[in-house]
Every structure is written in structure tokens, then in C-alpha cells.
Amino acid sequence: MEILSGILYGLSIFLSYYLVSIEVHQYYSCKRLIKIMLERKRNITIFLLIKIAMFSLFYINELLFFISEVLADFILLIFLRPLKYKKTRRNIILFTTSLIVNILFLFAFDYFNVIHIYYLFSVIFVFLSDILSIFITLPLEQIIRIHYINKAKNKLKKLPSLIIIGITGSFGKTTLKSYLYDFLSVKYLVLSSKENINTLMGVTKMINDNLTPNHQILVVELGIDEVNGFDKFKRLLSLDYAFITGIGPMHLATFKNEENILKAKLKIKNLLKEGGKLFVNADQEILKDKAKYSFSKEKLSNIKILSNLSLQFDYEGDRYISEAFSPFSLPYFDAVLLIGKYLSYTKIELKRGIENIQKVKRRFFLYRIKDTIFIDDTYNNSSLGLLKSLQFIKLLGRRRAIIFTRLIELGKDKEKIYDSLLSSLNDIFVIFVEKSYLSDRIASPHIFVSSIQEGIDYALKEEFDMVMITSKGDDIYLH
């Protein structure tokens, strides 16, 4: 019996590991962790009802009760599929605190001779242990955060001539950041945050670890998921230039609607220095006229895709060529050229800057296998971005396909957003990696595969002209 109870506690440790791993992937947010659990309330409720039904076994045969509990917890863990755990200082402290709280629960129930109650509701107690650990460690984390934020702030104060550019938006932040970094690097020593690092502490760590007195420009991506999300960045940053790439139905699980998203994103202007400039994407009606300065694809003319898959366009009488482009990033070329003008780029430097812009991996990244052009758009989980991509690939190739997994954080508008995609999938063969609301209602030709790689193999076998791979399916998000 002691062996079985030990196994049960071991399984609860793995469950704690699972919950902490979710919290890590949800930006260490207790609120987002609870939302994840509520999203899965149906399955977890069924699981708890099964365990309660098994409680009767305790009065019939204690051994059968423990065996059934072990099997039930094991099945739950298989169903939950824990994420990879990142071994950072904070994660280790959080996980350790959670285990200590869970042990205290275990001892308390054992002391009062009701240990079977603990095992019956172990899921609830492990969840409570993780929630409590977040609040227990919060004072220590706040002290550590303040220390590192002040360290980064003091570093920035010693560089008064450093130009700081901040980027926000529902989509396209990382793409524009990459474009700006490549464009500005032909003339200046530039530092930008890696990949999609966009939290306060992520930016803080990057400044502390990588910013040097030699850097002339700092480009940062700023991500928020609540209306007053930019307030925390005031403690660290004062921007010379700010960009809003676009507004779309992302993070609706926390923002609720696009009006709140717009209201939140416009607050980036509160981070501007005196005389700082905010640029908004004027191609979006929702952003048009929301700021004095703007950027737009309408300033580009004679747009062509060359045989080598490069983009050619004219801008104010001059011709530019770039290997990097996507249906929704065309206005970003105007954005970087505008910054170039404010930073006194010559025409030659402007052309060199555009030519220096590299393709961004997983963001409409074009490559060819045999005679099939693949577009890796797996980082794009914006429904608006996906619609534009679908419109674009219809202009290229006769036989088109899309490998689709899912969109994320659509909130209560999930069905409405998926319905808007149905008409855009006409004449496009859909390869589904998992079943969804969309796959249950689609009329277009489609099949189901078990992985993105299997979808790629199928597309090559069928010799499609163009295949777009969209949406990531290997992370846990609010969806």
C-alpha cells in the first residue's frame, strides 16, 4: 500500500510539473494559467467525477482504491501532455515551492487520517499548491525584478544618445523588428531583442546582458495582453520612435474585443520621449488617422515578384529589391524607409538597407523543394494575417495547398473567425494536422494527417505548385 501511495504522490509531482510548465508558457501569469484550466474544465470535471465514483472502492477494498487512483492519475497525465520544462532560476523556485506546499497538504491529511481524501482530490490540491506557490514567491520575485529593471534603467541612462525604437501590434511585431534591424545595420551598430522576446523582463535581460556603450540604436518588441499592459514598460523605456503594426483578433481571451486591443496598443505613445514619433499602419481602417505619422503599402508601386522569388517595387521614383516579403509586410518597407529618412540615410544607403533585409524564419519564409514552393508561415496565428496569405497564394500557381493546424487565443469569436476563413479556402486543398471547428465544416477538398512533416510529404507526392504551412501546433496557448 505504501508503494502505491508513493506512486500516487509521484504522479502528483508530475502534475505539478505540468502546471508550472503551462504557467511558464503563459508568461508566468496566474490569471492565464487559471484560464487554461477553465478551458479544459469539461475533461477535468469528467475525470474528477470518475475519481469520486471510485471513492466507493475505498470502503470495499483499499487496494483496489489505490490501484484505480494510480491508473486514473496516469491517464490524466497522458491526456495533458506536459510541456518541456525550462530549467531557469525562477522555474526551479516555483516548482520547489509548489512541491513543498503539496507535501504540507499531504502531511495535514495524513495527520488527520483522511489521506484517501487527498488522493481522491489530488488534482485540486496540486493545482492549489501551484497557485499558492505563485503568490508565496511573488515578493521575492518582485525584489529580484526591481533589481534587474533598475540595473537596466541605469545602463540606459548612461547612453543618452542611444536611439530606442519600440514595436507593438497584434501581429507582425517580430517581422518589422527584424526588418528594422537588418535595414539599420548597414549604417549603425544596432541591438534588437531575439526572436519574439517582448516581455518587460525579457527586454530587461537583453539590455543587461547585451547592450554596450558602442550600440547606437536599440530595437525592442513590446508585447501586452491587457489594456494597461504598457504601464509596466514605463519603468524602463523612453522611446524615440514607436510603431503599431496592426490590430487584429489576437489575445481575445484576455482583451475580449478589438476595441480594447486598439485602446491598449495606442497607449504605447505614453512611452515616447518629448518629440518622439508614433507611426501606425494606415492600411488598416481601425488605425487610420489614429496618429500624426503612418506607414502604408500604398506608397509602394509597380510591385512584382521576380522569378527568383524576390520582391521588386518602386518607392518615390526609385526601384528597390528585397528577398524578404509577405502579404502583410509590404507596408513595413515604407516604415523602414521612413526611419531611414529621419536618420539621414542617403539614397544609396536606403537601397543597401532594403537589400540587406533577410527573410524571417517561420514568417512567410519561402523555399523550394523540387518543383514545389513552400511558404513556412507557422508563426502566423493571426486570422487576419492568414486571410491575407490565402489571398496572396491564390495569385501564384495553379495547384495550391495549405497545411493547417489551428489558430490561437480567439476567445468567444472563434466560430465567427473560422467561418470567415471558409470562403477563402475555395480552390485551395487543405491538409489538416488536427480536427477543429474549421475541419468539421469545410467543403473544400481536404485530408487529415498526423503531423506537419506528413503533410509536407503528401504535398510533395501530389506535386502541388505552392504549399503554405500555417499555425504552430506544438505549444499550449489559450485557444
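See the values below:
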{"item": "Verdict on Ser185 being in contact with a helix residue (DSSP H, G or I) (Cβ under 6 Å, 6 or more places away or on another chain) and either open to solvent by less than 20 Å² (accessible area, probe 1.4 Å) or among the polar types (S, T, N, Q) (or both)", "result": "no"}
{"item": "Residue that is touching a strand residue (DSSP E or B) at 6+ places or on another chain (Cβ under 9 Å) and over 9 Å from Glu221 (Cβ atoms), where the choices are Ile207, Ile197, Ile167", "result": "Ile207"}
{"item": "Residue list for region 210-234, restricted to those being surrounded by fewer than 20 Cβ atoms within 10 Å (Cβ to Cβ) and assigned to a helix (DSSP H, G or I)", "result": "Asn210, Asp231, Lys232, Lys234"}
{"item": "Output for region 353-377, where each listed residue is open to solvent by 40 Å² or more (accessible area, probe 1.4 Å), in contact (Cβ under 8 Å) with a residue 40 or more places away in the chain and farther than 23 Å from Asp457 by Cα", "result": "Asn356, Gln358"}
{"item": "Region 132-148, residues that are buried (at least 18 other Cβ atoms within 10 Å of the Cβ) and either among the hydrophobic types (A, V, I, L, M, F, W, C) or at pLDDT below 80 (or both)", "result": "Ile134"}
{"item": "Residue in region 441-449 that is more than 19 Å from the chain's Cα centre (by Cα), closer than 26 Å to Thr174 by Cβ and either modelled with pLDDT of 80 or more or among the acidic types (Asp, Glu) (or both) present", "result": "no"}
{"item": "Any hit, region 207-230, residues being without any contact (Cβ under 8 Å) to a residue 24 or more places away in the chain and either closer than 18 Å to Lys359 by Cα or touching an Asp or Glu at 6+ places or on another chain (Cβ under 6 Å) (or both)", "result": "no"}
{"item": "Close pairs from region 76-101: first closer than 27 Å to Lys205 by Cβ, partner at pLDDT below 80 and open to solvent by 90 Å² or more (accessible area, probe 1.4 Å), Cβ under 9 Å, at least 6 apart", "result": "Pro82/Phe14"}
{"item": "Selection status of Ile100, more than 30 Å from Phe279 (Cβ to Cβ), of a type outside the set (S, T, N, Q), at pLDDT below 80 and outside any loop (DSSP other than H, G, I, E, B)", "result": "no"}
{"item": "Residue among Asp376, Asp419, Asp413 that alone is of a type in the set (Asp, Glu) and at pLDDT below 70", "result": "Asp413"}
{"item": "Scan of region 118-174 for residues that are outside any helix (DSSP H, G or I), farther than 18 Å from Ile197 by Cα and among the β-branched types (Val, Ile, Thr), ordered by number", "result": "Ile163"}
{"item": "Flag for Ile207 being on the phi < 0 side of the Ramachandran plot, within 23 Å of the chain's Cα centre (by Cα) and in a helix (DSSP H, G or I)", "result": "yes"}
{"item": "Residues satisfying the stated conditions in region 431-471, i.e. buried (at least 17 other Cβ atoms within 10 Å of the Cβ), assigned to a loop (DSSP other than H, G, I, E, B) and not hydrophobic (A, V, I, L, M, F, W, C)", "result": "Ser436, Ser471"}
{"item": "Region 285-304 residues that are assigned to a loop (DSSP other than H, G, I, E, B), paired with ones that are polar (S, T, N, Q) (beta carbon under 6 Å, 6 or more apart)", "result": "Leu287/Asn281"}
{"item": "Test result for Asn270, out of contact with any strand residue (DSSP E or B) (no Cβ under 8 Å at 6 or more places or on another chain) and over 18 Å from Leu222 (Cβ atoms)", "result": "no"}
{"item": "Qualifying positions in region 341-352 - part of a helix (DSSP H, G or I) and either open to solvent by 20 Å² or more (accessible area, probe 1.4 Å) or within 22 Å of Pro327 (Cβ to Cβ) (or both)", "result": "Lys341, Tyr342, Lys347, Ile348, Glu349, Lys351, Arg352"}
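The values are calculated or read from the model by the stated rules, or taken from the named source; none is laboratory data. No experiment lies behind these values; they were computed from the predicted model shown. Note that we place each Cβ from the backbone using ideal geometry, even for glycine, and neighbour counts take in every protein chain shown. Only protein heavy atoms, including side chains, enter the accessible area calculation; ligands, DNA and RNA are left aside. Shrake-Rupley method; radii C 1.70, N 1.55, O 1.52, S 1.80 Å.
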